[in-house]
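Below you'll find the structure, written out as C-alpha cells, and then a few comments.
Every number here is computed from the coordinates shown, using simple stated rules; none is lab data. Quick caveat, the model's predicted, so the values are computed rather than measured. Glycine gets a Cβ as well: all are built from the backbone with ideal geometry, and neighbour counts include every protein chain shown.
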Amino acid sequence: MINWVVGGIIVGLTIFVIVRTILRMRRGESTCCSGCSKSQCNCEHKS
Amino acid sequence: MSFRFALVGNPNCGKTTMFNEMTGSTQYVGNWAGVTIEKKEGKARKTKEDIRIIDLPGIYSLSPYSMEEIIARDYIINEKPDVIINIVDVTNIERNLYLTTQVMELGIPVVVALNMMDALEAKGDKVDISVLGKSLGVPVVCTSANKGHGISELLEKAIQVAQAAKGKAVLSDIKMYDEEIEKCISEIEKKLVSALKEKNVNPRWAAIKLLEGDEKAKERLNAKESLIEDIQLYQEKLEKHYDNDMETVIADNRYRFISDIVSKAVQKKFKGSELTLSDKIDKVVTHKILAIPMFLLVMFAVFQITFGAVGSFTIDWTDAFINETVAGFATTWLEAGGAAEWLKALVVEGIIAGLGSILVFVPQIMIMFFFLSILEDSGYMARAAFVMDRLLRKLGLSGKSFIPMLMGFGCSTPAIMAARTLENEKDRRLTIILTPFMSCGARLPVYALFTAAFFAQNQSLVIFSIYLLGIIVAILSGILLKNTVLKGEAAPFVMELPPYRIPTFKGLMIHMWDRGKGFIKKAGTVIFAASVIIWFCQSFSFSLTMVEDASQSIFGVVGTFIAPFFAPLGFGEWKSAVALLTGFVAKEAVVATMGILHGVGEVGEDSVELAAALQASFTPLKAYAFMAFTLLYMPCLAAFAAIKREMNSWKWTLFTVGYQTAAAWIVSMLIFQGGRLLGLN
C-alpha cells in the first residue's frame, strides 16, 4: 500500500512540475531560476 | 472608492522602495539606475480606499528617447492614472524637477514626493516646501522611503487630490516659458481644441510637444497635415527669434524656471565647488589605474569570507541535518511502513541525495549574496560598472552591456531580459550571447563541491578565478563577435553614478532571502522532478528493468555514447557526461546528478563522501576543466527560453548556445591539455 501511495505522490508531483514548467515557458514566463529578482523575471505577474 | 496612482521619477530616486513601502511588496531594489525595466502594480495597504499603485521605470524626461521613457509616457497618456506621484530625489533636485515640469503639463493631478529628505538633512541643506509647492502649483510632501517616513501622508494627500479632481483633467496655471513662447502655445492650443482627432489629451501638452517637434507625439496625436504645417510656421518663427532649435529652447526655459524655484526654496549649506565625501571616495574607487585592482580585491574578499571560515561551518551543519536527520528519518519511516526497496532507493538515494547535494550550499550562497548586496546597495557596484564601461569601450563594446552582465552574476534569465534596454540591435544580441558567461548563482554549488574536494586550501581563490575566467571569456568573445558576425559601432552610453548610501538591514535581508528562497523553491520543484528522473534513468535500463550496475542503465548507455566528446577535456567518463547533460535543465542538477550517480544519500554518507567519490574519478586539473566547462557551456533551460524570446529567432538562439558550448569546449580543452603540458595533474 505504502509503495503505491508514496510512489504515486512522487510520480504525480514530478509530472505536475514538468507540465507546469513547460506551460510557463510557453506563456513566456520565466521559471525563476535561483537568484530570481522578481521584477525582471515576470514572476510578479504570478503573485 | 478605487484609484490608480502612478509612481513617476528619475532612475534611482527611490520609486521601488516607495512602491514596496506602500504595497508591502518585496520588489527588487538596487542602488543604480535601470533596475525597473517594466511597470509593476500592487495594492496599497493601510488605506480604506482601494488604491492600485503602479511603479513605472525610472526616466529623466517624457521625451521618447529610450524604451523606459516610451513605456512610462504611453502608460500615463493611455491609461490616465488618477494621480501621478512624482518622486523627486531631493539631493539632486534641479535634475529631478525637469521631469516634474513635463509631468505637470499632462493635465493629470500631480503630487510631488520630495524623497530622501533624510540624506538632504544629513548634508545640512533645507527645503521650504510651501515655497516649492506654491511655485510648482502642486502639493508637495516630504518623504524618506527607505525609513518609511512620510508614506502615509503622501498617500493621504494623493487620495485628497484624486477625490478633488474626480477624474477630470487638472490644468496648471503655472507659466514657465517666455512670453513669446507662451503666446504661441496658447494660439496652437486654441487650434488644437477643434482640430485634434485625438480628444483624450491635454491640448497644452499637445501644443508644447508639437512645437518641440516630437515625432512620437505627432504620430500619437494623429494631427491633420495642414495643422502640422501651421505649427511649423510657429516653430520656424521662434527658432529664428532664439537662434536655436525649439527642443533646446523649451528645455532652456524649463531649466530657467527650475533654477528660479530652487534658488527660492532650497538653502544649501555648502556652496561652491567643494568636494563632497561621495566625490572624494569616487576619486579613489574610480581611479584610472587603481580602480580595477581594487574591484578585484573587493570581490576576492567577498569570496574569502563566503568560502572561508564563515561559510564552511554552515555546510557541515546543513549536511548533517539533511543527510543524517532527514535521510535517517525517511529510512526509518519507510522501513516501518514496509516500503519496497525501490521506493526506499527512490526517496533516499534519489530525492534526498539529489536535493540534499544542492541544499547544503544554500546558507553559503545566501552569505555571498548578503555581501554582494552590501556592495550593490552602497553604490559600489555602480562604480564597478562605470570602471568596466571604460574598459569595455576601449575594446569596442557598449558599456551599457555591463549592467545586464552584472545582473548575470545573480541569474542569467533576468539578465538576458535586461538586455532589452539596449537600443542597438547588434549590441543587444551581443549582450545576450555574452551574459551567460557571467557565473550565475546556480553554478555555485558545482564550484563549492569541486573546490571542497580538490582545492580545500585555496577554495575562495579557485572560485574567484572561475568568476574571472567568465569575465575574460566574455570580453574576448565580445571582441571576436564585434569584429565578425556583429560588426558595428558601439552605441554611446551615459551612466549616472548613484550617491553612496548605507545599506538598510531590511534591504539586505530582502536581497539575501530572495536569493535563498529562489534556490529552495527551485530545489522543491525543478530539482525535485530532475532528481526523480535522474534516479529512474540511472536505475532502469532501456527495457525498463531495474539494473544493479548503473553503467547498464539508460544514463549509463547515453553517457557512454557522449563521453568521448569530453575525453580531450579530461572528464571522458559517463557519469560526468550525464551530469553535464542534466545541467541543461538547471545548473544545480549537475551536483544533484553527481550525488545520485555516486550513491550519496544513504544514511551516514554526506557530501564529504561525495567529495571522496569524486576524488576517485577526477584530479585537480580535471576538476578545474570541469568547472570551466560548467561555467561556459550552454545555459539552463529557463535561460535558453529567455534567449529564444529575446532574440526572436531560432537561428540566433542556436548560434548563441552553439557558440557558448564551443567556447566551453575550447577553453576546457586548453586548460586540461595546457595543464598537462605544464606537468600539472
**Message:** If I model a spin label as a point 7 Å beyond the Cα along the Cα-Cβ vector, how far apart are those points for B:E94 and B:I305 in nm?
**Reply:** 3.7 nm
**Fill in**
Taking placed amide H atoms and a strict 5 Å upper bound, the residues 5 or more places from B:H149 or on another chain that come that close are B:S144
**Request:** Could you work out the relative contact order of chain B, using alpha carbon pairs under 8 angstrom and six or more residues apart, expressed as a whole percent?
**Result:** 12 percent
**Request:** Please order B:E21, B:E69, B:E79 by the number of other Cβ within 10 Å, starting at the fewest.
**Result:** B:E79, B:E69, B:E21
**Request:** Excluding B:V657 itself, calculate the net charge of residues whose Cβ lies under 13 Å from the Cβ of B:V657, where each Lys or Arg counts +1 and each Asp or Glu counts -1.
**Result:** +2
**Item:** FRET efficiency for B:D74 and B:A165, using Cβ-Cβ distance with R0 set to 30 Å, rounded to 0.05
**Value:** 0.90
**Complete:** Most exposed first, judged by fewest Cβ atoms within 10 angstrom, B:H511, B:H241, B:H598 run B:H241, B:H598, B:H511
**Fill in**
The answer for chain B, counting only DSSP H helices whose Cα atoms cover 30 angstrom or more along the axis and whose Kyte-Doolittle average is -1.0 or greater, is B:459-482, B:650-677
**Prompt:** How high is the relative contact order of segment B:77-226, in percent, counting Cα pairs under 8 Å that sit 6 or more residues apart?
**Reply:** 22 percent
**Prompt:** How far is it, in nm, from the label point at B:D243 to the one at B:A662 when both lie 7 Å from their Cα along the line to the Cβ?
**Reply:** 5.8 nm
**Item:** Relative contact order %, segment B:399-557, counting alpha carbon pairs below 8 Å whose residues are six or more apart
**Value:** 16 percent
**Fill in**
Inter-chain shielding metric for B:437-444, i.e. average beta-carbon neighbours from other chains within 10 angstrom, reads 2
**Fill in**
Once B:W650 and B:R45 are pulled to full extension, the length gained, defined as 0.36 nm per residue separation minus their Cα-Cα distance, is 213.4 nm
**Message:** Quick check on the protein assembly as shown: of the DSSP beta bridges with both residues there, what percent are antiparallel, nearest 5%?
**Reply:** 30 percent
**Asked** How many Cβ atoms of partner chains, on average, are near each residue of B:416-429 if near means within 10 Å of its Cβ?
**Response** 1
**Message:** Ratio of alpha-carbon Rg to the 2.2 N^0.38 Å globular estimate for the protein assembly as shown, to two decimals, please.
**Reply:** 1.08
**Request:** Quick one: work out Rg over Rh on the C-alpha atoms of segment B:2-165, Rh as Kirkwood radius.
**Result:** 0.92
**Fill in**
Residue separation between B:I502 and B:N424 times 0.36 nm, minus their alpha-carbon distance, gives in nm 24.6 nm
**Request:** Calculate how many DSSP beta bridges within segment B:2-165 are antiparallel, expressed in % of all such bridges and rounded to the nearest 5.
**Result:** 20 percent
**Request:** Among DSSP beta bridges whose residues both lie in chain B, state the antiparallel percentage, nearest 5.
**Result:** 30 percent
**Asked** Using a simple spin-label model with points 7 Å from Cα along the Cα→Cβ vector, what separation in nm is obtained for B:E179 and B:F561?
**Response** 8.7 nm
**Request:** For an R0 of 30 angstrom, estimate the FRET efficiency from the Cβ-Cβ distance between B:W317 and B:T619 and round to the nearest 0.05.
**Result:** 0.50
**Item:** For segment B:179-244, average projected area of the Cα convex hull in nm²
**Value:** 4.0 nm²
**Fill in**
Shielding of A:13-21 by other chains, given as the mean Cβ count within 10 Å, works out to 5
**Message:** Per 0.36 nm of contour for each residue apart, how much would the distance between B:E335 and B:S186 grow if the chain were fully extended, relative to their Cα-Cα spacing?
**Reply:** 45.0 nm
**Request:** Could you list B:D252, B:D230 in order of exposure, starting from the residue whose Cβ has the fewest other Cβ atoms within 10 Å?
**Result:** B:D252, B:D230
**Message:** I want to verify the translational diffusion coefficient of chain B in µm²/s; compute it with Stokes-Einstein, Rh as the Kirkwood radius over Cα pairs, at 10 °C and 1.306 mPa s.
**Reply:** 57 µm²/s
